[in-house]
Amino acid sequence: METIEIKLKNLTKVFQAKNKEETVAVKDFDITIPAGKLVGLLGPSGCGKSTTLYMISGLLKPTQGRIFFGDTDVTDVAPEKRGIGLVFQNYALYPHMTVKQNIMFPLENIKMEKEKALERAYFYARLVGIDHLMNRKPVQLSGGQQQRVAIARALVKEPRVLLLDEPLSNLDARLRLQTREEIKRIQKETGITTIFVTHDQEEAMSISDEIVLMREGIMQQKGAPQQVYDEPGNLFVAKFLGSPPINLFEGEIKDERVMVGDAQLGRVEGKKDQDVIIGVRPEGFKIVERSSLKVKVDYVETIGRDTTLIIEKPVDPTITEHSPYIDEDHQQENDHVEDDMAVDEDMQRLQEEGSIEETAPEKKGTFRAIVDADHRIQPGDEIKLAVKPHKMFLFDKETGELV
Amino acid sequence: MLEDRHDFKAWLYLLPALILLIVFTFYPIINTFMIVFMVDYDFLYGDYTGWTLTGNIQAVLGHRQFWPAIRNTVLIAFVSVPLSVIISLFIAVWLNSIKKLQGAFQTIFFLPYVTNAIAVGLAFAVIFNRDYGLFNYMLSLFGIDPINWVAPGSPWRFSMIALLVFITWNGLAFKIMVFLSGLQSIDKQYYDAARIDSASRSRIFRKITVPLLSPMIAFITITSFIGAFKEYTAIVGMFGEQMGYRGQLITIVGLVYEALGEPYVAGSVSLAASAAIVLFFMTLLLTIFNMWVSKKRVHY
Amino acid sequence: MSTQNNETTYDTRRQIIFKRVMRYTFVYGILTFFALLVIIPFYWMILTSLMTPDKIASDIPIMFLRFRDMQFGNYYEAMFAPEAPDFLRYMGNTVLVAAISTVGTIITTILSAFAFARLQFRFKELFFLLLIATMMIPGEMFVITNFITVSRFGWVEMVDQQYYHAVLAMTLPFMTSIFYIFFLRQTFKQIPNELYYAAKVDGTKDFQYLWKIMVPIARPTIITILILNAMGTWNAYIWPNLVSTRPAYNLVSNGLREFATAIEFLPQEEYIGQQMAAAFVITFPILVVFFLLKKHIMRGVSRSGIKG
Ligand SMILES: Nc1ncnc2c1ncn2[C@@H]1O[C@H](COP(=O)(O)OP(=O)(O)OP(=O)(O)O)[C@@H](O)[C@H]1O
Ligand SMILES: [Mg+2]
């Protein structure tokens, strides 16, 4: 199969609602997807992943920008002429057709000879491991099987590009793991340039040759998964990747020292004094006696060779409260709840009378550190932590950009 | 692409329906309105001798059958609709509360909906026959003398009662079916929750079933009223084309078809159109009134 | 409750069971009562159709007939006697009219429902609103002008109306239905968009997508529309009565009504048996269709109520 590189040049999509309200779903998207690679397009819900994919497939027309397959500008080419296979989140199998009919359907459209079409259909059915299910209807299949039928249907045209829109999100955790290996295998075997959309960072990291991070329609960072993980370009990327997530502290740079309260976490050279948000990966801590960061351990989880310490944040109040870049989902939820409360007069009255507690008691900020299981640590212990320099990232407090 | 408009293609798909709608739906609305203002409209050639603002309306208002028609129409609507809505609501609730035989009952209750109103109307006429009908026989068991319900010479009030029985009977099927499907779509959780709160059955009915069903009840009531205003076939089925003894069961729609039945008589098409307009405004008034009420009463 | 002794609990349970039995007796009783009310007219129709005039006229109505007392001659008289209305012919007419109008309706309905459900076009919302508003207008507004229209087409000649003219007049105005368009559009809209996108990516043309994907998926709804429309024609009375000028062009309802009118001033009991036989003959096919396709019909009707 011919492999091909995809170039997106300043791709922009603006949706216009009836009331003239505009939504910028994708903005100035500018990337190259190397031939024969599997690229994970990653970002939170509503960030424009599907929109990007639909533009590449030709189902949506870009407001601005161009799309190239190889050297050909396909921006104005109809979807069916682009040579793409598309797999949807809900698989979009035709419910009234058998598996075989589903897989054959694209071939019938191009009026392929029956024998040849059958042969092809069986070839790809075998590739994805569903050739024994050819006469079933989609409802008679498990989620994973349906998903493979969808992939077979996308591949059977032998497209130059395979686009997958959150293809695993309808599967249970176990099947998801298994199927993503499968997709990786099929992609390797066919060598087809593949874009894989997901909002699950772990999924993207494990399967992709490269990942592209998106946020609110804007590309944030692109690179090999490990590289992006190790060198996040901004706070959003740092936060989005990694499980357990990165720890964040409000701190400052003072005389080239990185300070959280009175404790020094490390040194930076050539940076002027400023307030910063400090991100430290959980595995970025080590226990060092002479460190100045003294903390109290709340809780200890030991799993296998690692011990996770849940530790009280050294500085109060925690930064989670006001920074626009932190815990925005959580923040939104709270806003929402307050909205609801505002209309409920009974609730207000009861609160005033003190019959209902206004909010649950504030949970103290904690962070996580992963250390060797060799350290025998009990909850309540006071320990001293140091930070591995390459696991610590400093971000501008206002913009979230890397300092 | 997806969000592109396909004006030409879309209208092409709509074309067959559109042509038929223009000829047989949109144009007639306008034309019927216009006929109301034409003097001596000739239905074959479209000739008319002049314009009149209220002449045809006055003619219909002054028609000797007009006020009886209004009276009958309104009476039919205001008796048969509430009656059939309430009865069918109860039947649906009872039906919904059983498991065994539910399907069988459902099938039986649905029968009147599919069967021919003329054929069933004739059967009702037999049941209401003065001399050997089942109904008079039942009454005779209570010592009531035979009543002439449908045959020539029948007093208006008896004919009307017989007709209302038939119309109510005929209207149950559709409503039972719709209410039942509405009830079945109400989440069982509400009932479970209410039962745990130890609400009594009648309280559950008043506080949960009726409010949750209220949009549907409102909708059914509106459409049933509109339907009852147009009652015609049932009357013809039971009483014949002259609509009861000396036309005593005439309705507005009856007036329309009576006039339309002799289109060559000068002015009769205009009369039909005027009667139809009266019906149109009655319907409109009712729709607006019902919307207003349901906006106030219907929950959510 | 938990602290009460066994005896009380026992009593309460018995009460509960007693209440439940009472309730079910009441519910089944009242449902049976109403079911009887619904059944009686049909039963009476069949019963009367099998009786001789003297049985019909008996002082105490006969409620049951033994098989050997059944008078099947009424059916023969109603259907085949030389002076009886030609019900076989009326049935033929009705089947023809139903078939033509149903095929026409389903085609126009599928095409328009597709446009409304799937395509973007100028004035879509406006047109849609217009259609909804039209549904509120009583049919008599149309009937008057439609009668004029088909008369001007020359389809309602009083003297020598041709058969095909009568058929055209009876079918053409009913070859589209706003209600069915809405009904089907609703079903079409429930088909996930992704199916359409997938088909587009695979190069499926809109028309192909409509016939190969949407129509098969919406088949239950389409069948419902077919049945409801055909049944509507079978039971139609007003319009055929207006536009057919010869008895030979009658549909079943008109034939039945004419029969009833013709005997109105004759000794009724002589003919009522035949009349009920005829009524049952035209009711019977509907009953058969109903029992065969109950599911489709009932679903269509329940859905039509929810629409509001
Ligand atoms: N047809 C449309 N009209 C208007 N706005 C749209 C349309 N489609 C998408 N949007 C908006 O564009 C933004 C991006 O949507 P998109 O579907 O691409 O998100 P996504 O990243 O795929 O999210 P998810 O992970 O939830 O699928 C959203 O804010 C969405 O509301
Ligand atoms: Mg998406």
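The values are calculated or read from the model by the stated rules, or taken from the named source; none is laboratory data. Quantities reported herein were computed from a predicted structural model and do not represent experimental measurements. Positions of Cβ are generated from backbone atoms using ideal geometry, with glycine treated the same way; all protein chains shown enter the neighbour counts. For the accessible areas, the whole protein counts, side chains as well, though only heavy atoms, and no ligand, DNA or RNA atoms are used. Shrake-Rupley method; radii C 1.70, N 1.55, O 1.52, S 1.80 Å.
For this structure, a couple of remarks:
- Karplus 3J(HN,Hα) series, Hz, for region A:61-67 with 6.51 cos²θ - 1.76 cosθ + 1.60 (x for Gly, Pro): 9, x, 6, 8, x, 10, 10
- In chain C, the DSSP-assigned H stretches of four residues or longer account for a calculated mean residue ellipticity at 222 nm of -23500 deg cm²/dmol, using -39500 (n - 2.57) per stretch and the full residue count as denominator.
- Taken over region B:153-300, the alpha-carbon convex hull comes to 129 cubic angstrom per residue.
- Simple spin-label estimate for A:Glu189 and C:Phe291 gives 5.6 nm between the two label positions (7 Å along the Cα-to-Cβ direction from each Cα).
- What the phi angles of region C:69-86 give under the Karplus curve with 6.51, -1.76 and 1.60, with θ = phi - 60°, is a coupling list of 8, 6, 10, 6, x, 4, 5, 4, 4, 5, 8, 10, 4, x, 8, 6, x, 8 Hz, glycine and proline written as x.
- Residue of C:Asn193, C:Asn241, C:Asn229 that the Gaussian network model of chain C assigns the largest fluctuation, springs spanning Cα pairs under 10 Å: C:Asn193
- The convex hull defined by the C-alpha atoms of region B:35-136 has an orientation-averaged projected area of 11.8 nm².
- Summarising the strand pairing of chain A, around 75 percent of its internal DSSP beta bridges are antiparallel.
- When chain C is treated as a GNM with alpha-carbon contacts under 10 Å, the residue of C:Ser101, C:Ser253, C:Ser112 showing the greatest mean-square fluctuation is C:Ser112.
- Considering region A:123-210 at the alpha-carbon level, its Rg and Dmax are found to be 12.5, 37 Å.
- Overall dimensions of chain C by Cα: Rg and Dmax, Å: 26.6, 92
- Taking each DSSP H run with n ≥ 4 as -39500 (n - 2.57) and averaging over every residue of chain B yields -22000 deg cm²/dmol at 222 nm.
- Between A:Lys61 and B:Leu2, B:Glu3, the built amide H atoms are under 5 Å apart, and every one of these is 5 or more places off in sequence or on another chain.
- 25 Å Cα-Cα reach of B:Lys207 towards lysines, excluding residues that sit fewer than 8 places from it in its own chain: B:Lys99, B:Lys175, B:Lys188, B:Lys295, B:Lys296, C:Lys19, C:Lys307
- Amide H to amide H, with H built 1.01 Å from N, A:Thr302 comes under 5 Å of A:Thr308, counting only residues 5 or more places away or on other chains.
- Charge context of A:Leu133, other residues only, Cβ under 12 angstrom, K/R +1, D/E -1: +4
- Using the Cβ-Cβ distance between A:Gln16 and C:Arg89 with R0 = 45 Å, the FRET efficiency computed as 1/(1 + (r/R0)^6) comes to roughly 0.15.
- Restraint check, A:Lys116/C:Lys205; A:Lys61/B:Lys9; A:Lys294/A:Lys391; B:Lys230/C:Lys294; A:Lys9/A:Lys184, Cα-Cα greater than 25 Å: B:Lys230/C:Lys294; A:Lys9/A:Lys184
- Taking each of A:Lys49/A:Lys81; A:Lys27/A:Lys188; A:Lys27/A:Lys157 in turn, the alpha-carbon distance tops 27 angstrom for A:Lys27/A:Lys188; A:Lys27/A:Lys157.
- Kirkwood hydrodynamic radius of region C:2-72, Cα pairs, Å: 16.3 Å
- Alpha carbon centroid spacing (whole Å) that separates region C:193-208 from region A:130-173: 17 Å
- Each eigenvalue of the Cα gyration tensor of the protein assembly as shown, multiplied by 5 and square-rooted, gives one semi-axis; in descending order these are 71, 37, 28 Å.
- From the Kirkwood radius over Cα pairs of region C:73-203, Stokes-Einstein at 4 °C and 1.567 mPa s returns a whole-number translational diffusion coefficient of 71 µm²/s.
- For region B:7-55, the Stokes-Einstein estimate of translational diffusion at 10 °C and a viscosity of 1.306 mPa s comes to 125 µm²/s, using the Kirkwood hydrodynamic radius over alpha-carbon pairs.
- The dipole here belongs to the protein assembly as shown: it is taken about the Cα centre, uses +1 on the Cβ of Lys and Arg and -1 on the Cβ of Asp and Glu, and is about 2460 debye.
- Sequence-distant residues sharing a close amide H with A:Gly40 (under 5 Å, placed H): A:Phe196, A:Asp209, A:Glu210, A:Ile211, A:Val212
- Taking label positions 7 Å along the Cα-Cβ direction at both A:Arg267 and A:Lys114, the computed distance is 8.1 nm, reported to one decimal.
- Shown in residue order for region C:226-242 are the 3J(HN,Hα) couplings computed by the Karplus curve 6.51 cos²θ - 1.76 cosθ + 1.60 at θ = phi - 60°: 4, 5, 4, 5, 5, 5, x, 5, 4, 9, 5, 10, 4, 5, x, 4, 6 Hz (x for Gly and Pro).
- 31 Å tail of the calculated P(r), chain A, as % of Cα pairs: 51 percent
- Relative counts (whole %) of C-alpha pair distances in region A:185-323, using bins that are 5 Å wide: 2, 8, 15, 17, 17, 15, 12, 7, 3, 3, 1, 0
- Principal axis box of chain B, alpha-carbon based, largest edge first, Å: 76, 74, 33
- Residue with peak Gaussian network fluctuation, chain A [Cα springs, cutoff 10 Å], from A:Val258, A:Val212, A:Val39: A:Val258
- Solvent-accessible area per residue in the protein assembly as shown equals 48 Å², computed with a 1.4 angstrom probe and all protein chains kept.
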